1. Among Gly151, Gly144, Gly66, Gly58, which is in contact with a Lys or Arg (Cβ under 9 Å, 6 or more places away or on another chain), at pLDDT below 95 and either more than 28 Å from Ile36 (Cα to Cα) or among the small types (Gly, Ala, Ser) (or both)?
2. Looking at region 91-113, which of its residues are over 21 Å from Ser57 (Cβ atoms) and of a type outside the set (Val, Ile, Thr)?
Amino acid sequence: MTEQEVAELKKDEVVESDSEEKNKDKEKVKKKGQEIEAVVNIYTSFNNTIVHVTDMSGKTITKVTGGMITKHDRLKANPTIAMFIAKRVSENIRELGIKSLYIRIRAKTNSPAPGPGANALIKSLSREGFKILNILDTTRMPRGGPKKKGGRRGRRV
């Protein structure tokens, strides 16, 4: 064999080993991608639904609101629109390899229940194939707070 043939063989070996290393790196990323978890913060009032997905450290991954789906104000808190929100969120986070979700629901302060979109949103996310690890209600409740208006004898009608 000539020196040129030997040099060509060495080049082929180097190229093959580089491609093998890249494949191993991709496999490692895929394995890590299966373990990625995210936090889905859902704010539902009776006027709107806002979904904010963050990673575990709190960095924003995606944010979708009812106004991004529909332009009708009366429909922004609708369960049907919440399903479309869930679909768009799932498209965005599936690209990053997220499989598991922690869900935090928040309603308007001092509200007895979350808005109509919360239940539909969670149901849609679970149907999309995400594993829901935890559902937490983080609605704020006032403890005392400032004096309500109306005076000593209350508001008279």
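The values are calculated or read from the model by the stated rules, or taken from the named source; none is laboratory data. In this text the structure is predicted, and so the values were computed from the model without any measurement. Note that we place each Cβ from the backbone using ideal geometry, even for glycine, and neighbour counts take in every protein chain shown.
1. Numbers: Gly151 fails: in contact with a Lys or Arg (Cβ under 9 Å, 6 or more places away or on another chain); Gly144 fails: in contact with a Lys or Arg (Cβ under 9 Å, 6 or more places away or on another chain); Gly58 fails: in contact with a Lys or Arg (Cβ under 9 Å, 6 or more places away or on another chain).
None of the other options fit; the residue is Gly66.
2. Glu91, Ala107, Lys108, Asn110, Ser111, Pro112, Ala113
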